[in-house]
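The structure appears right after this line, and notes come after that.
The values are calculated or read from the model by the stated rules, or taken from the named source; none is laboratory data. Everything numeric here is computed off the predicted structure, so don't read it as measured data. Here the Cβ is made from the backbone with ideal geometry for all residues, glycine too, and neighbour counts use every protein chain on show.
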Ligand code: DQA
């Protein structure tokens, strides 16, 4: 391509070709790194940083919402909910998320309105999936149910640490699960991790 040109003319030919090609290169590229005035090591580092950022921004974002008294894990009814505390649960969820390559936001509120605000926020911030343990609200909160029903397009899984079906009668009813895609019950804290895998799959299938 450049053979017919020499000296300054060759330089101009290169400039012209580049001008024609640059929009095509740009439209096919995900990142752009300047190589001027940078050492090869710095360029490599910049490429790594930018690709890491890119990977992060394309990761699915799953929101975990915990309802009342779940912050009391490790303190409340240990025979039912175990000895591990809430911070341990959050750590387990974050580690699993990292392993699965998803982003996770773990939230807890003792208030009905806190959970509802969070579910609505998941809509505005375009969360890719919701895992919810509504705690006792599961059994009677039509308001939490309505909030979940409003975000119909977001895959949702309800989690219960204990096996609610072997406990008191009032725990056998969930008013929230009919507006979720599925439920994990009675598998302890690990239930959240299974839910994370499931919700990730659902979010990927949807996309
Ligand atoms: C729970 C079960 C609910 O009945 C109870 O009110 C909770 C925790 C569970 O994770 O097993 O707070 O949701």
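Filtered by the rule that a residue be under 22 Å from residue 155 (Cβ atoms) and part of a loop (DSSP other than H, G, I, E, B), region 45-90 gives 58, 59, 60, 67.
Scanning region 79-90 for residues that are exposed (fewer than 12 other Cβ atoms within 10 Å of the Cβ) and within 13 Å of the ligand (Cβ to nearest atom) yields 79, 80. Just one of the listed residues (1, 22) is part of a loop (DSSP other than H, G, I, E, B) and over 27 Å from the mean Cα position of the chain (by Cα), and it is 1. Whenever a residue of region 78-103 is without any contact (Cβ under 8 Å) to a residue 24 or more places away in the chain, its partners that are in a helix (DSSP H, G or I), lying with C-beta atoms within less than 7 angstrom and at least six residues away or across chains, give the pairs 86/70; 86/71. I'd like to check something: does region 77-87 contain any residue that is at pLDDT 95 or above and within 22 Å of the chain's Cα centre (by Cα)? Yes - at least one qualifying residue is present in region 77-87.
The residues in region 68-77 that are touching a strand residue (DSSP E or B) at 6+ places or on another chain (Cβ under 6 Å) and either within 9 Å of the ligand (Cβ to nearest atom) or free of Cβ contacts under 8 Å to residues at least 12 places away in the same chain (or both) can be counted, and the count is 1.
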